[in-house]
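Written out below as structure tokens is the structure these notes cover.
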Amino acid sequence: MARIGISGTHSVGKTTLLNALRSEPELKDYVICDEVTRKIAGIGVPINEDGNDITQRLIMNQHIANVFLNDHMITDRTALDGLVYSQYLYSLRKIKESTYVYVNRVFDKLITQYDLLFFIQPEF
């Protein structure tokens, strides 16, 4: 059993891959933690390039829950994705330094909790 993360920018196929993995018998005991960012969007919070302090804190809090509540899980976003978006938003001054520091601390704690981390590169 392991904690598995699929990481990468939006629209590279993370969720598509995760959905394909759902039917694999070897993974039947894994919790699928999908749609992390879309759940946040679903409550009316802006995501991705339009994200803000609330967005980034909610997303990182969801990553905390996913990692510490599930010993064997697969997720289509990871704390790495949260960190990257936060760095981008911080560079544009869309999030405060306190949020950026929070995200970095969460990332530092969580990244070692993933047993496998897959990065899907965009195709250009």
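Mind putting a number on the dipole of segment 19-124 about its Cα centre? Charges go on the C-beta only, +1 for Lys and Arg and -1 for Asp and Glu, and I need it in Debye to the nearest 20.
460
Select one label from (1) 45, 32, 27; (2) 37, 36, 33; (3) 58, 25, 23: the one whose number is Cα extents along the principal axes in Å as derived from the coordinates shown.
Given (1) 45, 32, 27; (2) 37, 36, 33; (3) 58, 25, 23, the structure-derived one carries the label (1).
If I compute solvent accessible area with a 1.4 Å probe over the protein chains, what percent of it on segment 41-124 is carbon and sulfur?
Reported share for carbon and sulfur atoms: 55 percent.
Give me the distance between the Cα centres of segment 26-80 and segment 1-19, rounded to whole Å.
What the calculation gives is 11 Å, centre to centre.
Given a 1.4 angstrom probe, what's the average accessible area per residue across segment 1-68, in square angstrom?
52
To the nearest 0.05, what FRET efficiency results for GLU123 and GLU97 with a Förster distance of 30 Å applied to their C-beta separation?
Computed FRET efficiency for GLU123 and GLU97: 0.30.
Would you mind calculating the gained length between ALA2 and LYS109 on full extension (0.36 nm times residue separation, minus the Cα-Cα distance), in nm to one decimal?
Once the chain is fully extended between ALA2 and LYS109, it gains 36.8 nm.
Would you check the accessible area of ARG22, probe 1.4 Å, heavy atoms only, in square angstrom rounded to 10?
Looks like 110 Å² after rounding.
Expressed as a rounded percentage, what relative contact order does segment 5-83 have, with Cα pairs under 8 Å and six or more residues apart?
47
The values are calculated or read from the model by the stated rules, or taken from the named source; none is laboratory data. Please read all numbers here as calculations on a predicted model, not as lab measurements. Here the Cβ is made from the backbone with ideal geometry for all residues, glycine too, and neighbour counts use every protein chain on show. To get the accessible areas, we keep the full protein, side chains included, count just its heavy atoms, and leave off ligands, DNA and RNA. Shrake-Rupley method; radii C 1.70, N 1.55, O 1.52, S 1.80 Å.
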